[in-house]
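Worksheet: one structure, shown below.
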Amino acid sequence: MLDIVAAARRIAEGGIAGCPAADGGLEPFPGSPRETITNGLVNLPERLHEAKRKKRESVSWQAEFTVAGSSLPSASALVENAKRLAAFAHAAQQEGLVPVLAITLRADKGTSALCTREAAASVLAALAKALAQVPVDHAALVLALFPAPDAVAPAVTLDTLRASVPSAVPLLILGKAGLAAPA
């Protein structure tokens, strides 16, 4: 049987290239067309079972957040995307797979580093709260944070991550900056 904690460590150290997506793609968030919501919970158990049958050890779920001053991401998009990430993480672990939570931050041009840092903290806090509400082994998941464009990367510091992510989550991957660090 796969030790998903060990697999999570291997994945975080080696990267998530080749990790198949289990989500159903992004679509505009209702009432806020500049934001997105990730689909795919409806047939998720079947897709996870198929990934397991194909001997995959991990699957990913993408969530994308637009950062625009203090108005985006909206509280409703934060909460709903975080709930879906947590539901995915729980379902993947139930199937014996390592869930890779792939979060992309997209900042509008001219968005300050402070707004970006606050948005990143809000996204991660919403995720932490959602993960606390479902039975998930934090040591057996991978959080992949992709700050994009490059201008966002300096604002999303390890201090922001450590202040927002539960200490039980041992592995963090910062995309564009190429930095991987334990919590």
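FYI, it's all coordinate maths here, none of it is from the lab. Worth saying up front: this structure is predicted, and the values here are computed from it rather than measured. Using ideal geometry, Cβ is built from the backbone for each residue, glycine included, and neighbour counts are taken over all protein chains shown.
Values as computed for the structure displayed
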| item | result |
| --- | --- |
| Global geometry of the range 53-135, whether rounded, prolate or oblate, following the gyration tensor of its Cα atoms and the 1.5 cut on a/c | prolate |
| Order of Val100, Val79 under a 10 Å beta carbon neighbour criterion, fewest first | Val79, Val100 |
| Above-threshold pairs, the threshold being 31 Å between Cα atoms, out of Lys52/Lys109; Lys83/Lys109; Lys54/Lys83 | Lys52/Lys109 |
